[in-house]
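I have placed the structure first, in the form of structure tokens, so that the comments after it can refer back to it.
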Amino acid sequence: MPRILLSFSLVVLLAQVDCTNAKKSADSVCDNWTANDKAALDRTVDRFARSLDPKRPMNENTKAIAEWLEKQPCIKQVGIPADVVATEPPGLDLVVTSRDGSKRTFSLLFGKDNVKLSNSY
């Protein structure tokens, strides 16, 4: 019986940690956006972009980043351009609009070894 209780407690603890990490992601995007902390916001977006599988098609990774950003409570809309920037590796700019109407553009690069943020403005 103690093993079952211990196993259940561990599962509950892991679920709480996962929920806390998801909340931290939303908090950091929105907190950093509101505070106009460009460096911290860029690190958060870059960390998510680098977590993606670069072997997936570029449009799938683009959609994953856009959907992740749109799940943030402070984000109203993410514009995905039709054209890819002719660079090596290929890149594109996501135009993100917050609920307060402010905008930021995130320039992303889609290399064979990683997906990453190259710049924002």
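Dividing the mean sequence gap of close Cα pairs (under 8 Å, 6+ apart) by how many residues segment 33-121 holds gives a relative contact order of 27 percent.
The equivalent ellipsoid of segment 63-121 has semi-axes of 22, 12, 9 Å, largest first, where each one is the square root of 5 times an eigenvalue of the Cα gyration tensor.
For the residue pairs Lys76/Lys112; Lys76/Lys116; Lys71/Lys112; Lys38/Lys71, the C-alpha atoms sit more than 24 angstrom apart in Lys76/Lys112; Lys71/Lys112. The Thr105 and Gln77 beta-carbon pair, evaluated with R₀ = 22 Å, returns a calculated FRET efficiency of approximately 0.95.
For segment 68-121, the solvent-accessible area of protein heavy atoms averages 57 Å² per residue (probe radius 1.4 Å; ligands and nucleic acids excluded).
Of the accessible area of segment 68-107, computed with a 1.4 Å probe over protein heavy atoms only, carbon and sulfur atoms account for 51 percent. Each other residue within a Cβ distance under 14 Å of Thr87 adds +1 if Lys or Arg and -1 if Asp or Glu, for a net charge of -1.
The values are calculated or read from the model by the stated rules, or taken from the named source; none is laboratory data. Since the model is a prediction, treat every value here as computed from it, not as a measurement. Here the Cβ is made from the backbone with ideal geometry for all residues, glycine too, and neighbour counts use every protein chain on show. Accessible surface areas use protein heavy atoms only, side chains included; no ligands, DNA or RNA. Shrake-Rupley method; radii C 1.70, N 1.55, O 1.52, S 1.80 Å.
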